[in-house]
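Asker: What follows is a structure written as structure tokens; I'll ask about it next.
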Amino acid sequence: MDDKKKTAVATFAGGCFWCTEAVFERLKGVSKVTSGYIGGSVPNPTYRQVCEGTTGHAEAVQITYDPTVITFEQLLDVHFHTHDPTTLNRQGADVGTQYRSAVFVHDDKQKATVENMITRLDKTKEFSSQIVTTIEKYSKWYPAEDYHQEYFKLNPNAGYCQFVVGPKVAKFQKRYKDLLKPKKTSKP
């Protein structure tokens with residue numbers, strides 16, 4: 001019997017990757033969340049290049065998870081409900097294609113799941129406007145610079161973290177409390 005856990009990968013863009021990473025790393029079944037860049041044409045882009053909006057990349061997260069604990073559809077539901085999938089190339093004050101709402105699908109099954117969820121959410125009018133999230137084929141992934149990884153965890157007192165990331169995480173935790181990893185208890 002194979003002792004290795006089965007893992008799968010999901011790649012989402014939903015605005016600033018600091019916010020997105022802080023949300024997904026709290027879900028049970030998620031073993032790793034990496035902030036990075038995808039969907040552009042410039043090899044090895046830097047944060048500065050991506051922020052200029054000229055590379056075509058989106059700030060995104062790559063999520064490694066155990067599909068026997070959390071499904072792709074559950075991750076997708078979290079994605080749609082923790083950013084605004086109805087605004088084109090914008091999340092709050094962050095504007096540009098690098099902040100687009102996108103799902104970078106790894107296979108046809110993921111693509112069908114995304115298409116079905118968008119259709120269902122639009123049909124039920126869960127959001128006040130139509131969803132503009134793009135479905136893009138997974139392409140070359142570039143991890144962001146080290147200082148972007150676990151940004152919220154390592155910089156909880158930074159202004160952006162206190163006023164943008166923190167409230168988003170709190171709202172997420174309230175809605176998805178059944179999907180959260182158990183809180184770690186400190187040993188005496």
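The values are calculated or read from the model by the stated rules, or taken from the named source; none is laboratory data. Not measured: the values here are computed from a predicted model. Counting neighbours? That spans all protein chains shown, and the Cβs are built from the backbone with ideal geometry, glycine included.
Asker: Yes or no: the stretch 22-45 includes at least one residue that is among the acidic types (Asp, Glu), in contact with a strand residue (DSSP E or B) (Cβ under 6 Å, 6 or more places away or on another chain), buried (at least 22 other Cβ atoms within 10 Å of the Cβ) and modelled with pLDDT of 95 or more. Reasoning before the result, please.
Answerer: Just the residues of the stretch 22-45 that are among the acidic types (Asp, Glu), to begin with: 25.
Add one more test, that the residue is in contact with a strand residue (DSSP E or B) (Cβ under 6 Å, 6 or more places away or on another chain), and what stays is 25.
Now drop any that are not buried (at least 22 other Cβ atoms within 10 Å of the Cβ), which leaves none.
Checked against the condition, which is being among the acidic types (Asp, Glu), in contact with a strand residue (DSSP E or B) (Cβ under 6 Å, 6 or more places away or on another chain), buried (at least 22 other Cβ atoms within 10 Å of the Cβ) and modelled with pLDDT of 95 or more, the stretch 22-45 yields no hits at all.
Asker: Does any residue of the stretch 48-56 turn out to be within 28 Å of residue 178 (Cα to Cα) and outside any loop (DSSP other than H, G, I, E, B)? Full working, then the answer.
Answerer: Looking only at the stretch 48-56, we keep the residues that are within 28 Å of residue 178 (Cα to Cα), and these are none.
No: zero hits.
Asker: Please work out which residue is nearest to residue 164 (Cα to Cα), limiting yourself to the stretch 73-125 and to residues that are of a type in the set (Lys, Arg) and in a loop (DSSP other than H, G, I, E, B).
Answerer: Let us first name the residues in the stretch 73-125 that are of a type in the set (Lys, Arg), namely 90, 100, 109, 111, 120, 123, 125.
Cutting the leftovers down to in a loop (DSSP other than H, G, I, E, B) gives us 100, 125.
Working: 100: 17, 125: 26 Å.
Among residues in the stretch 73-125 that are of a type in the set (Lys, Arg) and in a loop (DSSP other than H, G, I, E, B), the one nearest to residue 164 (Cα to Cα) is 100.
Asker: Tell me which residues, restricted to the stretch 132-155, are in a loop (DSSP other than H, G, I, E, B), surrounded by fewer than 18 Cβ atoms within 10 Å (Cβ to Cβ) and free of Cβ contacts under 8 Å to residues at least 60 places away in the same chain.
Answerer: Result: 132, 155.
Asker: Consider residue 109 carefully, then state whether it is over 18 Å from residue 142 (Cα atoms), touching a helix residue (DSSP H, G or I) at 6+ places or on another chain (Cβ under 7 Å), surrounded by fewer than 20 Cβ atoms within 10 Å (Cβ to Cβ) and at pLDDT 95 or above.
Answerer: Spelling it out, it is not the case that residue 109 is over 18 Å from residue 142 (Cα atoms), touching a helix residue (DSSP H, G or I) at 6+ places or on another chain (Cβ under 7 Å), surrounded by fewer than 20 Cβ atoms within 10 Å (Cβ to Cβ) and at pLDDT 95 or above.
Asker: I would also like to ask the following. Out of 132, 78, report the one residue that is touching a Ser or Thr at 6+ places or on another chain (Cβ under 8 Å) and among the β-branched types (Val, Ile, Thr).
Answerer: Just one listed residue meets the conditions, 132.
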